[in-house]
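**Student:** Quick one: this structure, given as structure tokens, is what I'll be asking you about.
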Amino acid sequence: MITNYQVKGMTCGHCVSAVSAELAALDGVTEVQVDLASGRVTVTSAGPLDTGDVRAAVDEAGYDLVEA
């Protein structure tokens, strides 16, 4: 399953690494791709992800998940 999210506040490669690492740690996530320029994050997972879990992971990395 592929899900796209919008993340606010990322400005550099470290930001990308932090968000990627937190999201990759979620159960079922198999791949995370981050487009720094647009703030778009594409998450591939075995099944649907709980938006609250995604929000918590992005928050833990220090950024904000934008409502779709």
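What follows draws every value from the coordinates through simple rules; no lab data is involved. No experiment lies behind these values; they were computed from the predicted model shown. Every residue, glycine as well, gets a Cβ built from its backbone with ideal geometry; the counts of neighbours run over all protein chains shown.
**Student:** Could you count how many residues in the range 1-55 are under 15 Å from E67 (Cβ atoms) and polar (S, T, N, Q)?
**Tutor:** Of the residues in that region, 4 qualify.
**Student:** Just give me the residues in the range 51-68 being closer than 15 Å to T11 by Cα and assigned to a loop (DSSP other than H, G, I, E, B), in sequence order.
**Tutor:** G62, Y63
**Student:** Which ones in the range 1-39 are touching a residue at least 40 places away in the same chain (Cβ under 8 Å) and surrounded by fewer than 11 Cβ atoms within 10 Å (Cβ to Cβ)?
**Tutor:** I2, K8
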